[in-house]
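Derivation of every value follows stated rules applied to the coordinates shown; laboratory data play no part. From a predicted model like this one, the values you see are computed outputs, not experimental measurements. Counting neighbours? That spans all protein chains shown, and the Cβs are built from the backbone with ideal geometry, glycine included.
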């Protein structure tokens, strides 16, 4: 089994992820990382939650960012505030020992003014929910003209939440983009149409072995509770 350095990840990133107990690449990481490090390409990756997708696309993205250029070079689109915050936090941890690469997460359900203020600082990567990103673009609070890489994480979830129009609009406003990486647990017709419209016909397709797609370290447990009148049960994990 290869390690991350053998996949091409630089030592400062390897040191950081090892401290996070990310030592052995998952299936999706082993397949995707070498490809995305070596080539400008469009990618269609089918992988479930729990397979290590954030490192699979996040580490190659960080390798592509020039920290000296104080402009947005990477854009990650995701369906929810919670996922956006999680991705931004992971990227921050990945850069513990590298040149500082600054990531901002912007999302709906929160006041927009603090996000506008945050984007005035040097920012290399933006993690965004589609609706809030459109709002920021309309306010001229974010400049996407220098974005080289765009990532759609949980693309099927974004479509199911009604973000098709916003995604179409965003993907047509990136004049400098060289890489479009799409990650999705499923490939419904809506995703196939999006791929046909926005990704290269030469896009690389990768599907995780379904027998190994979920992290085996996740322990699933369930409890049966007898229902009683006027009672509610809470499970704290």
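Observations on the structure shown:
- Ordering 51-62, 123-134 by mean Cβ neighbour count within 10 Å, with the highest value first, yields 51-62, 123-134.
- Helical contribution to [θ] at 222 nm, DSSP H n ≥ 4, -39,500 (n - 2.57), averaged over the chain, rounded to 500: -11000 deg cm²/dmol
- Relative contact order of the chain, pairs being alpha-carbon contacts under 8 Å that are 6 or more residues apart, as %: 26
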